[in-house]
1. State in Å² the accessible area per residue of the stretch 17-81; use a 1.4 Å probe, count heavy atoms of protein chains only, and round to the nearest integer.
2. Can I get the semi-axes of the chain's equivalent ellipsoid? Compute them from the C-alpha gyration tensor as square roots of 5 times the eigenvalues, in angstrom, largest first.
3. Hey, what number do you get for the chain at 222 nm if only DSSP H runs of n ≥ 4 count, each worth -39500 (n - 2.57), divided across all residues, to the nearest 500?
4. Efficiency by 1/(1 + (r/R0)^6): what FRET value for GLU53 and ASN78, r their Cβ-Cβ distance, R0 = 41 Å, to the nearest 0.05?
5. Which residue fluctuates most in the GNM of the chain (Cα springs below 10 Å): GLY106, GLY23, GLY34?
6. Let me know the charge dipole size of the chain about its Cα centre in debye, to the nearest 20, where only the beta-carbon of Lys, Arg (+1) and Asp, Glu (-1) is charged.
7. Straight-line reach from LYS36: which lysines have Cα under 26 Å away, leaving out those fewer than 8 places along the same chain?
8. So who's got an amide H within less than 5 Å of the one on MET35, skipping anything under 5 residues away but keeping other chains? H placed 1.01 Å off N, in plane.
Amino acid sequence: MEHTLVIIKPDAVQRGLIGEIVGRFERRGLRIVGMKLMQIDEALARRHYAVHEGKPFYEPLISYITSSPVVVMALEGNDAIEVVRRTMGATNPAEAAPGTIRADFGLEIGRNLVHGSDGPETAAFEEPLFFDKDELVSYERAVDRWIFE
Ligand code: DAT
Ligand code: MG
């Protein structure tokens with residue numbers, strides 16, 4: 001089953017929205033296979049956002065993501081990457097569809113609450129940046145047959 005990497009960003013942690021955001025992914029049916037609270041250091045932030053190096057928002061993005069603790073999650077499910085992206089909403093909360101996390105809790109692109117891998121290669125690159133193999137748990141839930149067809 002597909003894996004994706006989610007980060008509940010510093011603004012969401014500071015605003016007390018960890019439970020709300022975890023709950024949305026949980027209720028959707030995605031299986032949490034890794035989760036921890038951590039502070040992202042500058043080196044990790046630069047690796048994670050390397051594709052954006054040189055863009056005007058890169059340095060502010062590094063400051064923001066390292067400014068306060070985050071919660072990182074590895075989620076599993078059929079089409080987990082796309083499902084997470086749709087649950088998050090558009091990058092700019094002002095343009096995100098109502099009902100998405102970014103629209104329901106955000107206003108500005110630089111405070112958009114949540115990160116989700118944007119494709120299979122990105123997910124495969126990002127998950128090991130944040131989780132060692134022994135931090136990921138493979139398991140089944142009794143409800144899985146009512147969620148996965
Ligand atoms: P996403 O987080 O939706 O995958 P992205 O990978 O294009 O978006 O950009 C990473 C983050 O950088 C994004 O969550 C917010 C910030 N960002 C992106 N484009 C921006 C812009 N034009 N101005 C300011 N910040 C931006
Ligand atoms: Mg991205």
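The values are calculated or read from the model by the stated rules, or taken from the named source; none is laboratory data. Source: prediction; values computed, not measured. Cβ atoms come from the backbone with ideal geometry, glycine included; neighbour counts cover every protein chain shown. We work out accessible area using only protein heavy atoms, side chains counted, and drop any ligands, DNA or RNA first. Shrake-Rupley method; radii C 1.70, N 1.55, O 1.52, S 1.80 Å.
1. On the way: 3120 Å² over 65 residues.
About 48 Å² of surface per residue is accessible.
2. Numbers: eigenvalues 114, 66, 39 Å².
Here the semi-axes work out to 24, 18, 14 Å.
3. Working: 8 runs with 60 residues, N = 149.
So the helix-based figure for the chain works out to -10500 deg cm²/dmol.
4. Values: r = 33 Å, r/R0 = 0.80.
It comes out at approximately 0.80.
5. Highest fluctuation among the options: GLY23.
6. On the way: 17 positive and 24 negative charges, 82 e Å.
Charge dipole, the chain, about its Cα centre: 400 debye, nearest 20.
7. LYS9, LYS133
8. Here ALA74 satisfy the definition.
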